[in-house]
Amino acid sequence: MYLEARARAALTGVLSALRVPSPEQIPIERPPRPEFGDLTTRISYLLAKPMRKSPEEIARTLAAKLSEHPDFEQVRAERGFVNLRFRPEVVWETLRTILKQGDAYGRQALGKGKRLQVEFVSSNPTGPLTVGHGRQAALGDVLAELFSQLGWEVTREYYLNDEGRQIDLLAQSLWARYRQALGEDQPLPEGGYQGDYLIPIGEELARSWGDRYPEWDAEAQTVFRKQAVDRMMRMIKEDLEAIGVRFDVWTREGDLHRRGLVKETLEELRRRGAVYEKDGALWMRSTQYGLARDPVLVRSDGTPTYLMVDIAYHVDKYRRGFDRVIDVQGADHAEEQKQVKLALRILGLPEEFLDYCVHQFVTLKGGEGVERMSTRAGHFIRLGDLIRELGRDVVRYFMVMRRPESHLAFDYELAKKTSMDNPVYYVQYAHTRIASIFREAEKTGELPPAFSHPTELDLSPLTDPAELALIKELDRFPDVLVQAAGFAPHLLCEYLEGVAALFHPYYARVRVLGQGRATPARLALLAGVRLVLRRGLSILGVSAPEEM
RNA sequence: GCGCCCGUAGCUCAGUCAGGACAGAGCAGCGGUUUCCUAAACCGCAGGCCGGAGGUUCGAGUCCUCCCGGGCGCACCA
């Protein structure tokens with residue numbers, strides 16, 4: 001970003017000197033090949049029409065003028081592009097500004113003074129978290145952290161659906177397990193929860209309660225509902241802890257009802273003419289607004305649907321003063337999302353208030369087939385088991401290393417490897433190697449009196465192309481964070497792998513310690529690399545180990 | 001049937017939002033490298049009509065239309 005700003009400044013100056021109308025946005029990009037320079041602009045293509053000249057000719061004019069600028073070592077007009085290569089002095093200055101910022105490097109003020117809520121996981125308390133929830137947990141947590149880096153005040157929230165039919169079904173399933181533990185041949189209810197995880201809980205309840213609840217009556221229902229939800233939440237919280245996610249706010253569906261919010265929201269929708277009655281139920285007029293169907297808001301038995309409560313919940317989020325809300329959800333909720341957005345529009349909330357980060361499902365590569373996981377059918381892999389096997393770092397990293405809207409084929413064999421084939425270790429090991437050099441430097445007394453005054457560092461020994469390339473890559477970090485926050489955390493993974501991929505060969509080829517004047521300069525470079533790796537990994541919630 | 005997402009190297013994926021220079025990475029494959037800050041490494045080679053067909057454009061992996069293949073959704077479930 002530093003280099004881009006310098007290039008932009010230079011280009012703006014030249015355009016006005018040549019009295020060329022500068023377009024709103026001067027495109028400055030990284031060229032596809034290093035031979036084309038550090039940065040490139042295709043501005044000539046944009047100016048070709050208004051100036052009635054060929055891009056090649058414009059590029060030549062711009063290049064001639066730009067080559068007088070002190071920032072550039074080389075300026076070339078090639079096929080209509082203007083390719084820029086910076087003088088090493090400018091690159092060294094870049095490293096100095098990075099080191100000066102220290103741990104603040106990459107932090108930005110884009111969202112300053114604004115409040116953001118990220119709602120994610122929000123898994124129903126009907127079973128332990130699955131691998132699929134793991135993707136959502138990692139995604140939501142990393143997104144939240146990214147926005148926080150960009151200056152937003154972020155709240156992580158979990159919506160807890162602890163009422164309704166699924167919970168009844170769960171409670172009855174647990175009761176059946178309890179009866180089974182007492183030796184009774186009690187079948188699970190139809191459509192009940194078949195997973196093994198209810199068996200030990202049923203056994204435990206049988207031990208402490210004995211035969212106290214022989215019938216599935218009102219009393220048993222109340223008791224088993226509470227018991228089931230409590231036990232499931234305990235499991236879920238354990239799994240969340242294992243993957244390293246902490247929520248600031250837990251909202252229970254029951255609270256929304258108690259506060260009268262659901263009723264109130266329904267009334268408002270009705271007042272705005274978006275509700276009608278049919279077959280004893282209340283429906284929303286979604287088809288009038290171009291959606292495929294009208295959904296039910298209140299069932300004929302008077303209970304609100306999940307959608308109705310969800311709408312009310314989002315109104316509540318708005319009232320709580322958030323400027324923006326991001327819901328991380330699986331692709332199977334697409335229809336629901338359209339309905340909620342429509343309802344909010346009808347209620348007069350701003351269009352940009354709510355955004356969905358939609359992600360596809362996780363399958364296990366190399367496993368038996370690609371069967372979809374289902375909590376109800378008891379067919380799933382527990383997130384907690386995966387973390388115990390692979391570690392939090394690997395699981396978190398693998399969950400966000402692909403674009404959310406792509407299916408994630410979790411490569412278990414690769415995840416299990418502790419070699420640098422595993423991208424997590426590849427990045428972490430770069431950090432470790434640097435840490436090791438600094439430990440060694442301390443021993444040999446080559447560690448300069450800290451890098452607290454980077455302005456005084458003599459970086460001129462950094463002339464190796466790999467050294468300059470590394471600094472230019474470090475310069476991208478703030479920009480990568482902005483891009484990654486656009487629901488694309490995988491870009492941060494790719495970036496970190498790229499930094500590591502520049503560092504490892506450099507490490508293998510160039511010695512840092514015992515190189516006279518070059519040593520402090522190279523240590524400064526390494527300090528910059530270490531800083532960016534540490535910052536990037538920390539945003540992903542992955543550790544940056546000193547040793548491995 | 002309708003709607004949304006995906007289809008890029010043997011495999012897993014970037015690049016598609018803002019169209020531009022001979023299409024990138026990792027793994028797998030093949031070949032090489034180790035007196036020195038951890039070889040849990042490094043270097044090199046090979047590998048692709050970017051699912052298909054049209055269209056827009058000076059220029060299309062990228063935009064538009066249609067088709068094919070895969071996933072998801074189309075409940076008074078959540």
Any residue on another chain or 5+ positions along whose placed amide H is under 5 Å from the amide H of residue A:363 is listed here as A:408, A:409, A:410
Using a 1.4 Å probe on heavy atoms of the protein chains only, the accessible area for residue A:249 in Å², nearest 10, reads 40
Contour minus Cα-Cα span, residue A:74 to residue A:345, at 0.36 nm per residue, comes to 92.2 nm
Using a basic spin-label model with each label point 7 Å from the Cα along Cα→Cβ, how many nm lie between residue A:403 and residue A:217? 5.9
Got a sec? Which residues in the stretch A:299-331 would a label at residue A:353 touch, if it sits 7 Å along Cα→Cβ and we count backbone N under 12 Å? A:311-325
Too long at a 32 Å Cα-Cα cut-off: which of A:100/A:237; A:317/A:416; A:237/A:338; A:237/A:317; A:112/A:338? A:100/A:237; A:317/A:416
Here the FRET efficiency for residue A:419 versus residue A:237, based on Cβ atoms and R0 = 35 Å and rounded to 0.05, is 0.55
Sort A:267-276, A:28-37 by packing, meaning the average of other beta carbons within 10 Å per residue, with the highest value first. A:267-276, A:28-37
For residue A:111, list long-range residues whose amide hydrogen, built 1.01 Å from N in the peptide plane, is under 5 Å from its own amide hydrogen. A:151, A:152
Antiparallel DSSP bridges in the stretch A:2-86: what percent, to the nearest 5? 100
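Ranked by accessible surface with a 1.4 Å probe, highest first, in what order do A:216, A:175 come?
A:216, A:175
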How tilted is helix A:490-509 with respect to the longest principal axis of chain A? Cα atoms for both, answer in degrees (0 to 90, nearest 10). 40
Quotient of Cα Rg and 2.2 N^0.38 Å for the stretch A:423-540, N being how many residues it contains: 1.07
Taking the 0 to 90 degree range and rounding to the nearest ten, how far is the long axis of helix A:55-66 tilted relative to the main principal axis of chain A, both from C-alpha atoms? 60
Could you sort A:490, A:333 by accessible area so the largest value comes first, with the probe set to 1.4 Å? A:333, A:490
Charge dipole (chain A, unit charges on Cβ, about Cα centre) - positive-most of A:62, A:462, A:202: A:62
Could you check the simple spin-label distance between residue A:482 and residue A:5, using points 7 Å along Cα→Cβ, in nm with one decimal? 1.1
Run lengths n ≥ 4 of DSSP H only: what is the helix-derived mean residue ellipticity at 222 nm for chain A, with -39500 (n - 2.57) per run over all residues, to the nearest 500? -16000 deg cm²/dmol
Only Lys, Arg (+1) and Asp, Glu (-1) charged, at Cβ; the stretch A:192-293 dipole about Cα centre in debye: 660
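By how many nm would the segment from residue A:534 to residue A:104 lengthen if fully extended, with 0.36 nm per residue of separation less the alpha-carbon distance? All intermediate terms of the calculation are to be shown ahead of the outcome.
On the way: separation 430, 0.36 × 430 = 154.80 nm, distance 1.18 nm.
Roughly 153.6 nm would be gained on extension.
Counting only DSSP beta bridges with both residues in chain A, tell me the antiparallel percent, nearest 5. Please list the in-between numbers first.
On the way: 19 of 42 bridges.
Once the DSSP bridges in chain A are tallied, antiparallel ones form about 45 percent.
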For q = 0.11, 0.14, 0.19, 0.23 Å⁻¹, what log10 I(q)/I(0) does the stretch A:2-86 give under the Debye formula with an equal point scatterer on each alpha carbon and no solvent? -0.23, -0.39, -0.74, -1.13
For chain A, max minus min Cα coordinate along each principal axis, in Å, sorted largest first? 88, 61, 41
Rounded to whole Å, give me the distance from the Cα center of the stretch A:123-137 to that of the stretch A:288-339. 21
So if I place +1 on the C-beta of Lys and Arg and -1 on the C-beta of Asp and Glu, and nothing else carries charge, what would the dipole magnitude of chain A be about its Cα centre? I want it in debye, nearest 20. 1760
Go ahead and collect, in residue order, the members of the stretch A:424-465 whose backbone nitrogen is under 18 Å from a label point 7 Å along the Cα-Cβ direction of residue A:546. A:428-448, A:450-451
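The values are calculated or read from the model by the stated rules, or taken from the named source; none is laboratory data. Just so you know, these numbers come straight off a predicted model, no measurement behind them. Neighbour counts run over all protein chains shown; Cβ positions are idealised from the backbone, glycine included. Keep in mind that these areas ignore ligands, DNA and RNA; they rest on the heavy atoms of the full protein, side chains included. Shrake-Rupley method; radii C 1.70, N 1.55, O 1.52, S 1.80 Å.
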